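The values are calculated or read from the model by the stated rules, or taken from the named source; none is laboratory data. Not measured: the values here are computed from a predicted model. Counting neighbours? That spans all protein chains shown, and the Cβs are built from the backbone with ideal geometry, glycine included.
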Amino acid sequence: MTVVPAVSGERLLEAWQEMLPKVIQPGDGFEIHLEEARQNSLLIHIAVSGHSMYSFDFRCQYVDDREVKVELLDAQQGKRHIDERHETVQQLIEDYVRHIRECAQKLQGVTHA
């Protein structure tokens, strides 16, 4: 059973938008949206800085008011979908999953009742 954090979706989104740039690489772009179909989930798009043109889409779903499950939804290079099993891409995905979890940890003061 999943639990929705004890905070409004709007406040949760605002908190993530403030905190995520502090934990990802400087220069990386991002967009965060509430997932309408799941009130305890955020959709996070990260555009990697530099010439690689990699971008990743993740679902960040609250398992409870402190812990999140992070799922890769898509990996692209430019406008082309790529095989995320490539070693370089896997390393980037692991780094961003770690950053997303770190962001959730830093927001426990907001999400934990």
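Tabulated values for the structure
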| quantity | calculated |
| --- | --- |
| The stretch 39-65: number of residues that are touching a residue at least 24 places away in the same chain (Cβ under 8 Å), in a strand (DSSP E or B) and of a type in the set (A, V, I, L, M) | 4 |
| Scan of the stretch 95-113 for residues that are surrounded by 17 or more Cβ atoms within 10 Å (Cβ to Cβ) and touching a residue at least 40 places away in the same chain (Cβ under 8 Å), ordered by number | Tyr96, His99, Ile100, Cys103, Ala104, Leu107, Val110, Thr111 |
| Considering residues of the stretch 27-43 that are of a type in the set (D, E, K, R) and surrounded by 14 or more Cβ atoms within 10 Å (Cβ to Cβ) only, the residue nearest to Val63 (Cα to Cα) | Arg38 |
| Failed criterion for Glu71 (all others in (1) touching a strand residue (DSSP E or B) at 6+ places or on another chain (Cβ under 7 Å); (2) loosely packed, with under 14 Cβ neighbours inside 10 Å; (3) assigned to a loop (DSSP other than H, G, I, E, B); (4) not aliphatic (A, V, I, L, M) hold) | (3) |
| Residue tally, condition modelled with pLDDT under 95, exposed (fewer than 15 other Cβ atoms within 10 Å of the Cβ) and either in contact with a Ser or Thr (Cβ under 8 Å, 6 or more places away or on another chain) or not charged (D, E, K, R) (or both), over the stretch 1-26 | 7 |
| Test: residue in the stretch 42-54 that is within 11 Å of the chain's Cα centre (by Cα) and more than 19 Å from Thr111 (Cβ to Cβ) | yes |
| Single residue of the stretch 66-92 satisfying the filter (over 30 Å from His112 (Cβ atoms) and among the hydrophobic types (A, V, I, L, M, F, W, C)) that is farthest from the chain's Cα centre (by Cα) | Ile82 |
| Residue match in the stretch 14-33 (condition: of a type in the set (A, V, I, L, M, F, W, C), over 19 Å from Gln108 (Cα atoms) and out of contact with any Leu (no Cβ under 8 Å at 6 or more places or on another chain)) | no |
| Residues that are in contact with a Ser or Thr (Cβ under 8 Å, 6 or more places away or on another chain), surrounded by fewer than 19 Cβ atoms within 10 Å (Cβ to Cβ) and closer than 13 Å to Gln76 by Cα, drawn from the stretch 47-64 | Ala47 |
